[in-house]
Structures are given as C-alpha cells and as structure tokens.
Amino acid sequence: MREFVRTKIVQPLFLISFGGMAYFNFEILYRGYSHVSMIICGGLSFYTIGLLNEGKEWHPSFLLQMILGSLIIISYEYLTGVIVNIYLKLHVWDYSKVPFNYRGQICIPFLIIWFFVTPLCIWMDDVIREALFKF
C-alpha cells in the first residue's frame, strides 16, 4: 500500500506541482506575469513529458522526446487557451498578432521555443524521479 501511494499519488502530484510552478515562474520571467491556469498547464506538460522515457517497452530517442515534448506542451497550451481564453473569456493571452498562430492560442514561434526547453524538462524529471522516488 505504501508503494502504491508513493508511486501513484505522491510522485505524480509532486512532479505536476514542480512543473507547474516552473512554468508559472518561466512565464513571469518572460512576460512579467502569469495566470493560475499556467500552473495546471505546465504541471501536466512536465509530467506527461516525463512519462516519455519511463516506459519499459518503448524507449524513444532524445530527439524524439524533444519533438513529442514540444507537441505535448503546445497541445496543453491550446486546450488551456480554449478553456481559459475562448470559453471563459479571461483573455490571459492572445497570439493572434504572432505569425503562424492558430486561433490566437498557439503559434509556431512558441512551438520552437518549447522544443529547446523540453531537454531541461526531460533532465529535471529524471533527476527528481531518481533523487526522490528511487529508493
């Protein structure tokens, strides 16, 4: 039971919280502000990216993890944008003036940025899992 709680509850909650706060602070450094929805978006992105190299049957290359990681982030951003900006009309961000945007919620320039941020996510996830959860 203790192992179940640690691996199925504590570990995911810690990783989601860590990733969410990192994303939130990354936005504050970049834009000067953020929104609570970015904690959820960033946390889920970080956790999902971390799962890419945790499988026993599938071991994607680092480059493939970077590609998939950037697509994961942009997908969560789009979903968050649709909920927060379009449905709830909170207007947290608007990329409609950025080239190659889709509905003002996501854009190619940020997809490229996420591609280069993803290695840090992969590395941090591995460090945290090894240091805190591999006993």
Taking residue 89 as the anchor, which lysines have their alpha carbon closer than 28 Å to its alpha carbon, excluding any fewer than eight residues away along the same chain?
-> 97
Kindly put 33, 95 in sequence by how many other C-beta atoms sit within 10 Å of each C-beta, fewest to most.
-> 33, 95
Output the DSSP H helices from the chain with an along-axis C-alpha extent of no less than 27 Å and a mean Kyte-Doolittle hydropathy no less than 1.0.
-> 62-81, 108-133
Inter-part gap, Cα centre of the stretch 48-117 to Cα centre of the stretch 1-47, in whole angstrom, is 15 Å
Debye, to nearest 20: dipole size of the chain, +1 on Lys, Arg Cβ, -1 on Asp, Glu Cβ | 240 debye
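At 0.36 nm per residue, and after removing the present C-alpha to C-alpha distance, how many nm does the segment from residue 86 to residue 33 gain when stretched out fully?
Values: separation 53, 0.36 × 53 = 19.08 nm, distance 1.96 nm.
So the chain would gain 17.1 nm between residue 86 and residue 33.
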Based solely on its DSSP helices, what 222 nm [θ] is calculated for the chain when runs of n ≥ 4 H residues each add -39,500 (n - 2.57) and the sum is averaged over all residues, nearest 500 deg cm²/dmol?
-> -21500 deg cm²/dmol
Between 52, 44, 120, which gets the highest mean-square fluctuation from a Gaussian network model of the chain, Cα cutoff 10 Å?
-> 120
Largest fluctuation, 114, 93, 58 only, Gaussian network model of the chain with Cα springs under 10 angstrom, belongs to 58
What range in the chain is the longest one free of GluC sites (Glu not before Pro) that are in a loop by DSSP and have at most 14 other Cβ atoms within 10 angstrom?
-> 58-135
Selected from 13, 68, 88 as most flexible by GNM, with the chain as the system and alpha-carbon contacts under 10 Å = 88
Label model pair residue 131, residue 75: point-to-point distance (7 angstrom along the Cα→beta-carbon line) in nm is 2.9 nm
Fewest-first ranking of 84, 98, 127, using other Cβ atoms within 10 Å as the exposure measure | 127, 98, 84
When the chain is fully extended, how far beyond the present Cα-Cα distance does residue 17 get from residue 58, taking 0.36 nm per residue of separation?
-> 12.2 nm
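Throughout, read-outs are computed from the coordinates displayed, never taken from laboratory work. None of the values given here were measured: they were computed from a predicted structure. Note: ideal-geometry Cβ built from the backbone for every residue, glycine included; neighbour counts use all protein chains shown.
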